[in-house]
Structure formats: structure tokens, C-alpha cells
1. Got a number for residues in the range 229-261 being closer than 16 Å to L410 by Cβ and of a type in the set (V, I, T)?
2. Restricting attention to the range 223-237, does a residue exist that is in a helix (DSSP H, G or I), touching a residue at least 12 places away in the same chain (Cβ under 8 Å) and closer than 28 Å to G175 by Cβ?
3. With respect to the numbered conditions (1) in a loop (DSSP other than H, G, I, E, B); (2) modelled with pLDDT under 85; (3) surrounded by fewer than 18 Cβ atoms within 10 Å (Cβ to Cβ), which one is the sole condition not fulfilled by S324?
4. Where in the range 1-99 are there helices (runs of 4 or more DSSP H), lying fully within it, with 1 or more residues that are among the polar types (S, T, N, Q) and in contact with a Lys or Arg (Cβ under 8 Å, 6 or more places away or on another chain)?
5. If I go through the range 148-178 residue by residue, how many of them are under 24 Å from K354 (Cβ atoms) and among the small types (G, A, S)?
6. Can you pull out every residue in the range 341-357 that is surrounded by fewer than 18 Cβ atoms within 10 Å (Cβ to Cβ) and part of a loop (DSSP other than H, G, I, E, B)?
7. Do we find that A56 is surrounded by fewer than 16 Cβ atoms within 10 Å (Cβ to Cβ), in contact (Cβ under 8 Å) with a residue 24 or more places away in the chain and in contact with a helix residue (DSSP H, G or I) (Cβ under 7 Å, 6 or more places away or on another chain) in this structure?
8. Can you tell me which condition T64 does not meet? The list is (1) of a type in the set (S, T, Y); (2) surrounded by fewer than 16 Cβ atoms within 10 Å (Cβ to Cβ); (3) under 20 Å from the mean Cα position of the chain (by Cα), and all the others hold.
Amino acid sequence: MTSDLGRLALVVLVVGLAVHNAAMAQLWDLGVRGDLLDGVAAWKEVLLAIAVAVLAWRVRDRVTVATLDVLAIAYTLAVVVYAVVPQDWLGGDATSRGELLALRHHLLPVGAYVLGRLIGTIRRDTSWLGAALVLTAAGIALIGLLDLAVVSLQAWRASGVPSWYGEQLGLDYRGLSGLPENWIYNTGDEQNPIRRLVSTFLSPLASAYAFVVALIYVVSRPLRWWWALVAALLYVGLLYTHTRAAFAALAVGLVLLGVLQRRVAPVVLAVASVVVAAGFLVAYPSIGPSTSYTQEELEFLRANAARDPGESSDPFSPGESSASSHLENLRDGIRAVFEHPQGYGLGNAGVVAKRTGLEPLAGESTYTELGVDTGIVGMLAFVLWSGALLLALVRREAWLAAAFGTVLLLALQTDVIGIHWLALAVWGAAGIAVSRPRAEEGPEPETPESSTSAIPEPSG
């Protein structure tokens, strides 16, 4: 019963976070707003806290503290200390709300890891969670593709999404009538903007990274026709996100998987994926779902283009607008960390700073955001903990090591912790896997609870 409770909580978080953004925007449209909607949106933190508390009590006699746990505690302490130290001591300007939001943001992977560790004291395999991730990602892909086929961009403009982002979250998107600008691939032709798959995440990046993690799991399994169909759906969904970082990350993850499993097939699929993705990028302006800008959007985009006339729309050009923006943000973030190594305090970086009316001192990269908020000490604590987790996974769970390493790579240019689905799923799975004895220590003894799973994996 204890094992089922923990697994059920993690599956509910995985599925629920996949639809969280779309559900919150719909609630806004229905009139649930302000503090009430903030309270509803906190369901994930409440569920995580309850699951951790209940499991910790029920397995209190089985829990042991390992080196990885000590590293997680060290990172947690660094974050908490920076939450307590007054902002004016460090030079930061975050509000109390910003500090609380940043505290939640930075500690979410720790909470997921703790939940995973507690589950792993009872049931020490991750196949049920891998299956849940794949099924959830497949649903995201199907909904996203159907959205591109039958739902117009104007319907999204008229939905609760712009107001939820702008008025509830404080994220002012101006280039697409309140929708995030990255919903569109700008081809450079005002008459031919192309939509990207956003699905229930309301984000092409979050959708793409979920597909990458799911595809790595599918490829790690023995070949079966149903897995091939699921993989095809996931990969098509990934292509329509038009996210080059995800294309590259998938190739890296598959190569790593092939090395860890000593299989050639994942490496071959990685090469094939790069070729197909490159061709798709070239063809996308012609085959992608075309839409149109409003007059107000065109005026904003023209003014923005006049400020940055050297940017290119060629997806393979180093001067392409998105690529140059990522590189610039990474450089600026690194500079901010090295010029102010003691950090500025929680709430001065990333989306949290934007939501609370500040100009972010670092953005996008998980590492530079941590460096700005918690100094080099907090950033290094996170890197040491995550690096040690990766090494432990290499010895225990090939698919998860490949997925975890891929997410850490993506963290260079993306706030992967801010994608709550990734934080809960990947760090939670890691917590389960590192609770398992190494293969050379012998198989895990069979127990009544270890013979059941919340989501069965296909046989074979």
C-alpha cells in the first residue's frame, strides 16, 4: 500500500503537470483569478509535500542517508541560506514574493528526488514511471498535432492564455497578442509565419524536452511494434516543435544510451534523427502549418527587426535570432556570475525576476540563474549533486542516465528546473533509481510489493 501511494502520487504529478498550464489558462477564462488561482496552481507543491511526509513516516525505519543525499542537503542549505540573507547585503532587489517563488523553483528537484528516494526504499525499478512518462508524452504529442491541424491561432489569441500569462503570471508578451513569441517560427516573410507545436504545456520547448526524455526511454526498450508506433508519434511531435536544441539533445542522448547499453541501434537512430531533423528544418517554411499576424503584431515585429537588423531567419546560421539570443543570454549570465560571485539573493534571475517586475540578471540557463540567485557556492552545489547523480545512474539505469545527462546538457541554455514536468519526472526517477543496489551487488530480492506496478510495461 505504501509503495502504491508513492507511485500514484508521482504518476498524478507527471500527468497533472502535463496539462497544468492549459488547465490554469482555462480556469482564468472561467473567472478563477488572482489569489484563488494561485492557490489552485499550488496543487503540485501540496501533493508533493503530502506524499513526501506520508511516505517518510511510513518508511522511517528503512531510510538511510547516502552520499547523494548529503549533496542534496548541501544544495538545499545553500538555497535556504540565500533565502534568509537580506537582499541589501548582496545587492539584490527581489521582493518577498520573488524570494518565495525562487525558493520553490530551486528546491523543486530536491522535493522530487526525496519522493523518489522514499519510493525507492520499497520499489526499486523505474519501468512503471518510464511507461507513465511515455504515455503522457504521447498524449501531449497527439493533442499538439491535432491543435495544429484544427485550432486556429486566433482561437488562442481569444482564449484565457494571454491574460493568464500577462495578468496572472506577470509575463508581458507583446509580439503575438499576449501569447509567447516562440509559438511562431518567424521565417522572415511577414505573410508566412509558421506555427510550432505547443500542446497542453503551452510551450514548444517544454513539449520538445518531454518528447526527448520519452523517446530515450522507448529506444532503450526491446523493439516491439507498439513501441515503434509510439516512437513515431513522439518524433513527429518533436519535429513540429521546431526546437533545434531538442533535436541536438536527442542525438546526444541516444548516443549516450547506445554507449551505456552497448548497442548500435541507438547510435544509428541518433544519426538518422539528425539527418531527418535537418531536412525538416529546411522544409518547414513550406510544409509547416502557416498562420498570419495581426496588424498590431506586424508593427511590433517591424520595430523589433529595425533594432536588430543583423539577425537571420536561416535555422543553420549562427546569427539566427533564436540562437544568437540564447548565446547572448548565456554569455551575459556567465559574466554576471563571475562579476558578482557571492550572488544577489533569490528572485533576481529568470522568469521569477520577470514575474515580480525586475530585470533578470541572468536568464534561460539553469546554471547562471542559480549562480545569480545563490552565488557560485549554490551553483557548484547543484552541479556537484547533479553530476554525482548522473554518475550513479550510469552504474544503475542506462535509459535514465542518458535522459538525465541530456537534461543537464539542455540546462546550459534552458531553465530546465522551471519546466516543472522535467524537474518532477527526471529528478524523481533519479531518486528511485539510486535507491537500487548496483548490478554487481546482486539482484533485488522479490517482495510482494515489488511484483506490482501502477502502470504496467508491455511484456518483452
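1. 4
2. Initially, the range 223-237 is screened for residues in a helix (DSSP H, G or I), giving 225-237.
From the residues that got through so far, the ones that are touching a residue at least 12 places away in the same chain (Cβ under 8 Å) too are 226-227, 230-231, 233-237.
Pick out the ones that are also closer than 28 Å to G175 by Cβ and you get 236-237.
Within the range 223-237, one or more residues are in a helix (DSSP H, G or I), touching a residue at least 12 places away in the same chain (Cβ under 8 Å) and closer than 28 Å to G175 by Cβ.
3. Looking at each condition in turn, S324 falls short on (1).
4. Values: elements: 2-29, 34-41, 43-58, 67-84, 87-90.
Counting at least 1 such residues, we get 2-29.
5. Total meeting the criteria: 8.
6. Answer for the range 341-357, where residues must be surrounded by fewer than 18 Cβ atoms within 10 Å (Cβ to Cβ) and part of a loop (DSSP other than H, G, I, E, B): P341, Q342, G357.
7. Judged against the criteria, A56 is a match.
8. (3)
The values are calculated or read from the model by the stated rules, or taken from the named source; none is laboratory data. Fair warning: this is a prediction, and the values are worked out from it, not measured in the lab. So basically every Cβ, Gly included, is an ideal-geometry build from the backbone, and we count neighbours across all protein chains shown.
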